[in-house]
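Notes follow once the structure below has been shown.
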Amino acid sequence: MRLSRFVPILLLLLLPFCKANGILPTENNSSSQDNLALSILLAGFDLQEEAKRKIGSLPLASPRSESDSKEKIALGEKIFKDNSLSLNSVQSCSTCHLLTGRNVGTDGQATSLGTFGQAGKRNTPTIFNVGFLETIFWDGRKSNLEDQALLPFVDSSEMALGSTSDLLTRLNAKSEYSTLFAKAFPESPSIQLSSVKTSISAFERSLISRSRFDDFVDGNPYAISLEEKEGLRLFLNLNCVDCHNSSMLGGSKFVKLDTKYTYNPNDLGRFEVTGIEADRFVFRTPSLRNVALTQPYFHDGSVRTLDEAVRRMNEYNSPRMITEREVTLLVAFLKSLSDRSKANF
């Protein structure tokens with residue numbers, strides 16, 4: 001016997017609970033109001049299935065994390081937060097990729113400042129869930145975490161070391177690293193660049209966020225509010241998943257941001273990597289996970305609020321113009337994508 005035949009009966013039994021807990025409206029207790037409430041609940045289950053099919057929930061582990069031991073993760077975290085590994089010993093990876101409080105690996109700046117106060121070129125992307133990405137950086141110039149792990153140490157606009165040899169010298173100068181590397185890599189205990197890359201990547205892969213939206217997709221129909229469900233429905237109807245796709249809600253496509261708005265004209269985007277003319281002003285579509293916590297927005301950090309970012313995206317590639325009420329609904333849904341441990345700070 002199909003269990004779905006009992007869903008309407010179950011939902012009728014749930015009506016009092018939903019009203020008492022603010023999940024459904026309570027202004028009118030008439031039968032027509034109850035019919036409306038039941039319709040909302042039924043629609044919620046349909047929405048749940050559609051969201052699961054078109055988006056899905058985030059996996060509990062990143063790809064390639066099978067050999068990421070707790071020792072490798074701990075070593076990677078220490079290197080990530082070590083100020084002494086920059087040229088003037090005042091900056092670390094975590095200076096731009098803050099992880100405390102409400103921070104999800106960004107610093108709230110339009111573009112981050114380097115070791116000597118020099119302005120970076122692009123907005124710092126979140127490193128939460130970065131292990132699920134197929135390409136790294138706004139221009140996609142690296143395809144995995146290991147390939148990018150050493151770049152910030154020798155980038156003149158970031159930590160500004162003269163070479164990766166300087167990085168090894170600084171690591172060898174601190175006695176505690178010898179022990180940590182030996183624990184993390186007992187088969188090859190000496191301090192090597194390959195081990196540095198592996199440990200930093202292991203730490204970054206461990207930064208996985210779970211949201212109320214994931215709870216909703218995984219079966220809890222009450223994990224997100226009615227307003228957030230309306231925003232999700234609108235998100236799907238407007239086909240936002242064409243670019244912000246899969247369980248990461250983005251991060252896999254490259255698009256040209258050719259709207260009426262002006263962004264940094266000196267940043268040529270993916271063209272600087274490929275040299276292909278069609279790649280001028282093309283950038284990787286960011287993941288929307290934790291988007292409510294990662295302002296300012298876009299590759300140049302030129303938009304301060306999520307509401308305005310939504311309005312601009314509506315100008316970019318939407319089948320129709322949306323109302324201010326719909327902007328509010330979309331923002332409500334996007335907030336449901338925030339990491340549960342960060343959203344309540």
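Just so you know, all these numbers are worked out from the coordinates, no wet-lab data involved. Everything numeric in this text was worked out from a predicted model, so none of it was measured. Cβ placement follows ideal geometry from the backbone for every residue including glycine, while neighbour counts extend to all protein chains displayed.
Considering only the Cα atoms of the chain, their convex hull presents on average a projected area of 21.4 nm². Scalar couplings 3J(HN,Hα) for region 109-121, obtained by applying the Karplus form with A = 6.51, B = -1.76, C = 1.60 to θ = phi - 60°, are 9, 4, 9, 6, 9, x, 4, 10, x, 6, 6, x, 8 Hz; x denotes Gly and Pro.
The calculated FRET efficiency for the pair Ser163 and Leu268, based on their C-beta separation and a Förster distance of 35 Å, comes to about 0.80.
With r defined as the distance between the Cβ atoms of Asp242 and Glu49 and R0 fixed at 22 Å, what FRET efficiency is calculated, to the nearest 0.05? After rounding to 0.05, the efficiency reads 0.65. Size descriptors for region 78-184, from the alpha-carbon set: Rg then Dmax equal 14.0, 39 Å. Computed from backbone phi with θ = phi - 60° and the Karplus coefficients 6.51, -1.76 and 1.60, the 3J(HN,Hα) list for region 268-273 is 8, x, 5, 4, 5, 9 Hz; x is used for glycine and proline. In terms of distances greater than 18 angstrom between alpha carbons, the cross-link table entries Lys70/Lys197; Lys81/Lys197; Lys52/Lys342; Lys78/Lys342; Lys197/Lys342; Lys72/Lys197 yield Lys52/Lys342; Lys78/Lys342; Lys197/Lys342. Compute the label zone of Thr323 within region 231-259: residues whose backbone N is under 18 Å from the point 7 Å along Cα-to-Cβ. Of the residues in region 231-259, 231-238 have backbone N under 18 Å from the label point off Thr323. Between Ser89 and Gln192, the simple label model (points 7 Å from Cα in the Cβ direction) yields a spacing of 2.9 nm. Between the amide H of Asn123 and those of Asp300, Gly301, distances stay under 5 Å, these residues lying 5 or more places away or on another chain, with hydrogens modeled in the peptide plane. Backbone geometry of region 243-254 corresponds, through the Karplus equation with coefficients 6.51, -1.76 and 1.60 at θ = phi - 60°, to 3J(HN,Hα) couplings of 9, 9, 9, 6, 5, 7, 6, x, x, 10, 10, 10 Hz, x marking Gly and Pro. Scaling the Cα radius of gyration of region 186-305 by the globular reference 2.2 N^0.38 Å produces a ratio of 1.40.
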